[in-house]
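Heads up, the thing below is written out as structure tokens.
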Amino acid sequence: MTLATDRLVPLKPLSVDDFLARYGDNNRYELIDGEVFDLEPTGQHEEVVAFITTKACVQIDTANLPWFVLQRGLLRPSNSIATMGMTAFRPDVAVVDRTELAKEPIWPEQSILTLGSSIKFVAEVVSSNWQNDYARKLEDYAALGISEYWIVDCAGLGGVRHIGKPKKPTLSVCTLIDGEYEIKLLQDNQSIVSNVFPSFRLTAEEVLTVGG
């Protein structure tokens, strides 16, 4: 992700309500601490998102789970470290638990989730603004209690402290344990172990090379 161009950056931080009024119908943008970020998805980015979505949907359908993949929604954290009222994430992939939606105060009127209990799984495909995926979202998704978070870094853009040295394409599988993510770095043909989708038969390479 990259910060929106100067033409789009507001003179003062935006509230979520202001963001929704200006950009709510456009999937390119999300809001973090009042700053608008342009997601600028590349072709490969979209192919990786579609690949993970397809694999997740197959597992959901096969196991007859009451889940679905969010298509155009936002995640507006209600109890995270995010600046209150000034953050609305737009996850690349989010698997939603339909049985939890009755607890969501905004959902009946808008495609906006506020509770981590509604989300079983999220994945972010890393772009130029990789810091948000490896730091900010990692902390907020953990604070929300989202049990599994994938960081898909097809170009090895993340810092050395996040993906090791030498830097190379890496899939970080973050599993929530006692309120914090335990992170497993996967590269090349290493197998993916998912607690949310235990029937996945995928390697890191299969995900990281989609569209590449």
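Computed from the coordinates by the stated procedures, all read-outs in this text should not be read as laboratory data. Remember, predicted model here, so these are calculated numbers, not experimental data. Cβ sites come from the backbone with ideal geometry, for glycine too, and all protein chains shown count toward neighbours.
Counting 0.36 nm for each residue step from ASN26 to THR54 and taking away their Cα separation leaves a gain of 7.8 nm.
Gain on full extension, evaluated as 0.36 nm per residue between ALA135 and SER111 minus their Cα-Cα distance, stands at 6.1 nm. Exposure proxy for GLU180, GLU124, GLU30, GLU104: other Cβ atoms within 10 Å of each Cβ, ordered fewest to most, give GLU180, GLU104, GLU30, GLU124. Think of the chain as having a plus end and a minus end, set by charges on the Cβ of Lys, Arg, Asp and Glu; of PRO77, GLY164, GLN131, GLY164 sits farthest toward the positive end of this dipole. When the trypsin sites (Lys or Arg not before Pro) in segment 95-203 are filtered for DSSP coil states and for at most 15 other beta-carbon atoms within 10 Å of their beta-carbon, the remaining sites are LYS167, ARG201.
Taking amide H positions as modeled 1.01 Å from N, with prolines and chain starts lacking one, the residues under 5 Å from LEU202 and 5 or more places away or on another chain are ILE192.
Taking every lysine pair in segment 42-208 that is 8 or more places apart or spans two chains, those with Cα atoms closer than 25 Å amount to 15. Taking every DSSP helix (H) stretch of at least 4 residues in the chain, weighting each as -39,500 (n - 2.57) and dividing the sum by the residue count yields a mean residue ellipticity at 222 nm of -6000 deg cm²/dmol. Cβ-to-Cβ counts within 10 Å put LEU144, LEU14, LEU75, LEU39 in ascending order as LEU39, LEU14, LEU144, LEU75, the fewest first.
Charge tally for GLU205 (other residues, Cβ to Cβ under 12 Å; Lys, Arg +1; Asp, Glu -1): -1. Simple point charges give the picture: +1 on the Cβ of Lys and Arg, -1 on the Cβ of Asp and Glu, and for the chain a dipole about the Cα centre of about 200 debye.
Modelled label positions at GLN71 and ARG98, each set 7 Å beyond Cα in the direction of Cβ, lie 1.4 nm from each other.
Shown for GLU109, GLU148, GLU40: other C-beta atoms within 10 Å of each C-beta, ranked fewest to most, produce the order GLU109, GLU40, GLU148.
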